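Down below is the structure, laid out as structure tokens.
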Amino acid sequence: MARFLIDGGYPLEGEVRVHGAKNAVLPILAATVLNGGRNVIHDCPDLKDVQSSIAILEFLGCNVHREGSTLFVDSSRAINEEIPEQLMREMRSSVIFLGAIISRFGKAVTSTPGGCELGPRPIDLHLKAFRQLGIEIAESHGYITCTADNLHAASIHLDFPSVGATENIMLAASRAKGTTVITNAAKEPEIVDLQNYLNGTGAKIIGAGTSEIQIEGVGEFHDVEHTVIPDRIVATTYLACSAITGGMVQLTNVESSHIEAVLSIMRECGSKFYINGSTLIHIPPKKILPIDCIRTQPYPGFPTDAQSPLMAVLTLARGTSIFVENIFESRFKHVVELARMGADITVDGRMAVIRGVERLSGAKVNAMDLRGGAALVVAGLAAEGRTEVDDVGHVDRGYERLENHLTKLGAKIKREQ
Ligand code: EPZ
């Protein structure tokens, strides 16, 4: 895989635009299967995970083409009901296609998604909800076959506010006769974006963004044009780069209300923010202050995806900070790599204790997952000397040409195949 070569110590300065949200566009791409028509999706980021989703759409028989940041998907000739094993293995969140395929074709086949770098990441909540919607599920030889001869509405209470399960239910229930109610639904902004998208095709969904979502099944869908919301985790990552290098950065195309929990923590670190509509100016802290305890939570709590980029910043704080990772079982793989750069971090189960150090030093490190890899880039921007971040294919899953945007802000970073 490619790697980034970073020479640290240069404050980032300037303006950068935040691209469309990966975690909004992935369920929306699955949703394009539903309407059997034309879908125009603006601000669709050019990411590895988006390419994987496009490969699935084309395998299903959809016609997809891109013009700049706009993606055109015509699902009128989609005929396949199977997500190929290779594509499912490539991206575990492809499970989100199940609901849309079942809803459109009444049947879906895919391989049991492997775990991922964040832990087992089962899909039990998805399958339990599908059964409540009248979907029969057969699992054998590593394959899952879903059939829905009588897809019907249901009242579904999620044991955990799972983002993917909430989205899969919305997709599967969009055509189910009657009104489906989800309680304890996930409230992430990406779910609101999916609701808006689906309603744009003729679906009748209300309540996204709250813990109760109602989906009234409809029989007809139509073409839609939609602009994806900004990526709140990419915005967070740029703020982390700005904070750790001590440079003032202006972000455009930011929905600041989506990152309130992050802004609150960064203010405690000493950051200042000026918000004007979709523009956010960040004044970095002179000295990075430690944070007693950051607990990752479902939205609107502190996002798990922001844990590793913020941890990189706190490795240089004047004191000790603690993270508690409540969402994923194994999301501290970047700690060992940060330690190779001189960070002082102790992990005990779901808790990581970060003792601030004077400086980080450049080293050869490996990206182990998407946001952990981003954290290594954040650290490399401030480390003394050269940092080589290997396996940046992980980072490319969620950041569009990250090295180009950081270079425009004054970073010394380049990609080497
Ligand atoms: C979405 O993953 C995001 N991915 C993740 O972003 C994000 O970290 C996560 O939500 C939490 O906000 C996309 O939207 C594509 P969950 P998802 O279902 O839907 C457990 C990134 O870096 N669980 O809310 O998979 C699961 O194991 C990615 O952009 C079950 O046990 O998250 C995890 O511990 C990483 N059974 C927890 O719930 C299930 O059936 C949260 O999972 C489903 C989930």
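The values are calculated or read from the model by the stated rules, or taken from the named source; none is laboratory data. Nothing here was measured: the structure is a model prediction, and the numbers come from that model. Quick reminder, even Gly has a Cβ in these numbers, built from the backbone with ideal geometry, and neighbours come from all protein chains shown. Ligands, DNA and RNA are stripped out before the accessible areas are found, and what is left, the full protein with its side chains, is counted by its heavy atoms. Shrake-Rupley method; radii C 1.70, N 1.55, O 1.52, S 1.80 Å.
A few notes on this one:
- Restricting the first member to the range 333-350 and to residues that are part of a loop (DSSP other than H, G, I, E, B), and the second to residues that are among the polar types (S, T, N, Q) and surrounded by fewer than 20 Cβ atoms within 10 Å (Cβ to Cβ), the beta-carbon pairs closer than 9 Å and six or more apart or on different chains are Met341/Ser361; Gly342/Ser361; Arg350/Asn326.
- Condition check for Phe328: of a type in the set (A, V, I, L, M, F, W, C), over 14 Å from Met266 (Cβ atoms), assigned to a strand (DSSP E or B) and in contact with a helix residue (DSSP H, G or I) (Cβ under 8 Å, 6 or more places away or on another chain): no
- Sole residue being in contact with a helix residue (DSSP H, G or I) (Cβ under 7 Å, 6 or more places away or on another chain), in the same structural domain as Gln250 (by TED's automatic domain parsing) and surrounded by fewer than 20 Cβ atoms within 10 Å (Cβ to Cβ), chosen from Leu316, Leu310, Leu289, Leu280: Leu289
Every residue, every condition in (1) in contact with a Gly (Cβ under 7 Å, 6 or more places away or on another chain); (2) within 19 Å of Val324 (Cα to Cα); (3) of a type in the set (A, V, I, L, M, F, W, C), yes or no:
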site: Val254; (1), (2), (3): no, no, yes
site: Ser264; (1), (2), (3): no, yes, no
site: Leu280; (1), (2), (3): no, no, yes
site: Pro284; (1), (2), (3): yes, no, no
site: Asp292; (1), (2), (3): no, yes, no
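- Test: Arg340 is within 12 Å of the ligand (Cβ to nearest atom) and open to solvent by 50 Å² or more (accessible area, probe 1.4 Å): no
- Options Ser330, Ser271; residue that is of a type in the set (Ser, Thr, Tyr), open to solvent by less than 50 Å² (accessible area, probe 1.4 Å), in contact with a strand residue (DSSP E or B) (Cβ under 8 Å, 6 or more places away or on another chain) and farther than 24 Å from Gly14 by Cα: Ser330
- Phe302 within 22 Å of Leu376 (Cβ to Cβ) and open to solvent by less than 30 Å² (accessible area, probe 1.4 Å): yes
- Among the residues making up the range 343-356, those that are in contact with a strand residue (DSSP E or B) (Cβ under 7 Å, 6 or more places away or on another chain) and more than 22 Å from Tyr238 (Cα to Cα) are Asp344, Ile345, Thr346, Arg350, Met351, Ala352, Val353, Arg355.
- Residue count for the range 368-414, restricted to those that are away from the ligand (no atom under 16 Å from the Cβ) and either open to solvent by 40 Å² or more (accessible area, probe 1.4 Å) or within 13 Å of Tyr238 (Cα to Cα) (or both): 18
- Each residue in the range 256-268 was checked for being surrounded by 17 or more Cβ atoms within 10 Å (Cβ to Cβ) and either away from the ligand (no atom under 16 Å from the Cβ) or of a type in the set (Ser, Thr, Tyr) (or both), and 4 of them qualify.
- Count of the range 99-113 residues which are open to solvent by less than 20 Å² (accessible area, probe 1.4 Å) and farther than 22 Å from Met170 by Cβ: 1
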